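Some notes on the structure that comes next.
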Amino acid sequence: MNTSELIELEKRYGADIYHPLDVVIERASGAWMYDIEGRKYLDFLSAYSALNQGHCHPVIFQALWEQAQKVTLTSRAFRNDQLPLLYKELHDLTGFEMVLPMNSGTEAVETALKAARKWGHCVKKIPPNHAEIIVCGNNFHGRTLSVIGFSSDAQYRRGFGPFSAGFKQIPFGDAEALRAAISPNTCAFLVEPIQGEAGIIIPPKGYLHEVATICKQRDVLLIVDEIQSGLGRTGKLFAYMHENIAPDVVIVGKALSGGYYPVSAVLSSREVLGVFTPGDHGSTFGGNPLACAVARAALRVLVEEKLAERSAKLGAYALHRLQKMKGPNLVEVRGRGLWIGIELSSPARGYCQALQERGVLCKETHSTVIRLAPPLVIERSDLEWGLEQIESVVGES
Ligand SMILES: *Cc1c(COP(=O)(O)O)cnc(C)c1O
């Protein structure tokens with residue numbers, strides 16, 4: 001089948017929830033993707049940062065292949081020999097005492113919210129069913145009902161109510177607003193250290209440090225959603241590390257599996273994750289041996305190939321270069337590590353299509369921002385070539 005036939009099938013039989021670029025990929029390797037007509041594209045999106053280790057990384061593939069021949073799913077009704085090792089390796093890498101594995105990012109967010117509420121009721125002694133969670137405007141934490149219920153994006157919510165109670169929204173980047181919003185019933189503050197979907201929005205310097213202090217003073221759990229910002233994307237293992245804080249809960253997903261498989265997890269202390277007892281929570285596929293073997297390999301690649309350092313180095317170069325760009329509709333270029341937002345004064349979609357024609361794939365977010373998030377394994381020469389295409393399309397020529 002050709003490109004237009006495949007697109008036609010997709011439109012006829014699939015629910016229309018995305019607005020993809022009309023490129024049909026059939027294979028990929030490292031930072032490159034190939035469409036069914038044999039054209040080659042540099043991936044500047046990395047599946048929203050799920051492919052930090054690059055497409056089809058051979059080490060992760062080997063782990064997947066080997067595990068797929070042994071056992072893939074036991075359910076948590078029985079134990080498997082991969083889950084304890086993933087726990088230990090995540091602990092060793094991040095320092096958190098306990099891990100709770102899930103599949104999608106949103107599920108891990110839901111899990112963290114459940115843990116925070118139960119902690120609020122059982123440990124902080126908030127009256128039953130009164131736990132409140134504070135979130136930020138322009139947040140993105142996924143698409144389940146409770147999560148969209150506290151979104152500030154009208155389209156995410158429209159038509160999907162009624163929503164869960166117990167969430168309060170404050171502006172992102174405003175620590176004083178957090179101080180004012182906390183009540184005796186507040187159990188947690190949920191925040192992205194850098195807002196990805198909102199357009200790579202970096203909070204004022206010192207913000208995370210200040211909210212961490214406020215949360216500590218008021219006995220409120222600080223939950224950091226690192227699903228997109230984590231695992232090397234911003235030039236450190238986690239984005240919160242740029243401000244040297246110690247969050248109570250960290251949510252990871254996306255690159256935890258290097259793009260092979262949905263794997264997510266909540267990392268926290270024994271005090272928080274210890275509130276769960278058998279029967280409180282669960283997932284048929286969560287913690288399955290195939291997922292754990294893949295995640296273990298994905299973490300190994302991240303460490304052995306020093307992908308966080310690579311992101312810091314290549315990201316600094318790319319940001320410096322793009323910030324020198326001048327263009328008629330260019331408002332701002334901002335970023336941290338290999339995660340860069342180009343904000344325009346006009347819709348970004350046409351620019352993404354022009355880049356597609358030149359062989360670079362990226363995607364607009366919030367209509368006027370081009371988000372750049374290449375795989376962290378990208379070769380410097382490939383990155384340079386991709387940046388040249390961006391300069392040609394966005395910059396003055
Ligand atoms: C992608 C993302 C999620 C949701 O993850 P899914 O795997 O799509 O469910 C949650 N939070 C952030 C910050 C994300 O980027």
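The values are calculated or read from the model by the stated rules, or taken from the named source; none is laboratory data. Note that this is a predicted model, so its numbers are computed, not measured. Counting neighbours? That spans all protein chains shown, and the Cβs are built from the backbone with ideal geometry, glycine included.
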Pick from A154, A181, A165, A177: which is over 20 Å from the mean Cα position of the chain (by Cα), at pLDDT below 95 and either more than 16 Å from the ligand (Cβ to nearest atom) or of a type in the set (D, E) (or both)? A154
Given the criteria within 16 Å of the ligand (Cβ to nearest atom) and touching a His at 6+ places or on another chain (Cβ under 9 Å), does S29 qualify? no
Output the number of the condition that V331 fails; it satisfies all remaining conditions of (1) modelled with pLDDT of 95 or more; (2) over 20 Å from E396 (Cα atoms). (2)
On the basis of being in the same structural domain as I133 (by TED's automatic domain parsing) and farther than 17 Å from G286 by Cβ, does L93 make the cut? yes
Could you tell me which numbered condition D280 fails, if it satisfies all but one of (1) under 19 Å from the mean Cα position of the chain (by Cα); (2) more than 16 Å from the ligand (Cβ to nearest atom)? (1)
Could you pull out the residue among R270, R300, R296, R233 that is within 12 Å of the ligand (Cβ to nearest atom) and of a type in the set (D, E, K, R)? R233
For segment 182-194, give me the residue count where each residue is part of a strand (DSSP E or B) and more than 17 Å from L231 (Cα to Cα). 5
Total residues in segment 1-38, condition of a type in the set (G, A, S) and under 23 Å from the mean Cα position of the chain (by Cα): 4
Subset of segment 369-397 (residues that are within 29 Å of P58 (Cα to Cα), in a helix (DSSP H, G or I) and of a type in the set (G, A, S)): S381, G386
Could you list all residues from segment 32-46 that are surrounded by 15 or more Cβ atoms within 10 Å (Cβ to Cβ) and either among the acidic types (D, E) or within 16 Å of the ligand (Cβ to nearest atom) (or both)? D35, D43, L45, S46
